[in-house]
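A.B. asks: One structure follows; several queries about it will come next.
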Amino acid sequence: MDNSLNLSKTSRKQEVFARVLLEAINEGLQSLGEGSKKAVNWYLGIDTPLLDGDFYKNLEVLIERLERTLGIGANILETMIIRSLYTKLGLTFEEKASYTFMDYVREAREDIR
């Protein structure tokens, strides 16, 4: 098989994954209510698209800011986002005590390859 075709399929899947993850993040923030979502977006600097530059590095920064801002409450929001992501991807979510948000993201990304 043509190697460039494989790379194209891989990059397309990763682009779709990133967009689905962004939808899940948006839905999670929407659960805070529109006014709160806008305030959190502004405070976290989400007006700059995550898709610019290194998506996963930007995502890590976003999650760090979210945790710093919301404290322990960020865990609830992160779980909502991850559950939504897994549902959208047709994956089964299983909570794992030692997993971080990024661990779940990596696992979902691997499962769709």
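The values are calculated or read from the model by the stated rules, or taken from the named source; none is laboratory data. The structure presented is a predicted model; accordingly, all values stated were derived computationally and were not measured. Cβ atoms come from the backbone with ideal geometry, glycine included; neighbour counts cover every protein chain shown.
A.B. asks: Here is a check on your reading of the model: is residue 21 modelled with pLDDT under 85 and either under 19 Å from residue 109 (Cα atoms) or assigned to a helix (DSSP H, G or I) (or both)?
C.D. replies: No.
A.B. asks: In the range 67-99, what residues are part of a loop (DSSP other than H, G, I, E, B) and in contact (Cβ under 8 Å) with a residue 12 or more places away in the chain?
C.D. replies: Across the range 67-99, the qualifying residues are 91, 95.
A.B. asks: Could you please tell me which pairs satisfy a Cβ distance under 8 Å, a separation of 6+ or placement on different chains, a first residue in the range 46-66 that is within 12 Å of residue 18 (Cβ to Cβ) and of a type in the set (Asp, Glu), and a second residue that is part of a helix (DSSP H, G or I) and at pLDDT 65 or above?
C.D. replies: 52/58
This table checks each residue for (1) modelled with pLDDT of 85 or more; (2) under 13 Å from the mean Cα position of the chain (by Cα).
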position	(1), (2)
53	no, no
57	no, yes
65	no, no
78	yes, yes
100	yes, yes
107	yes, yes
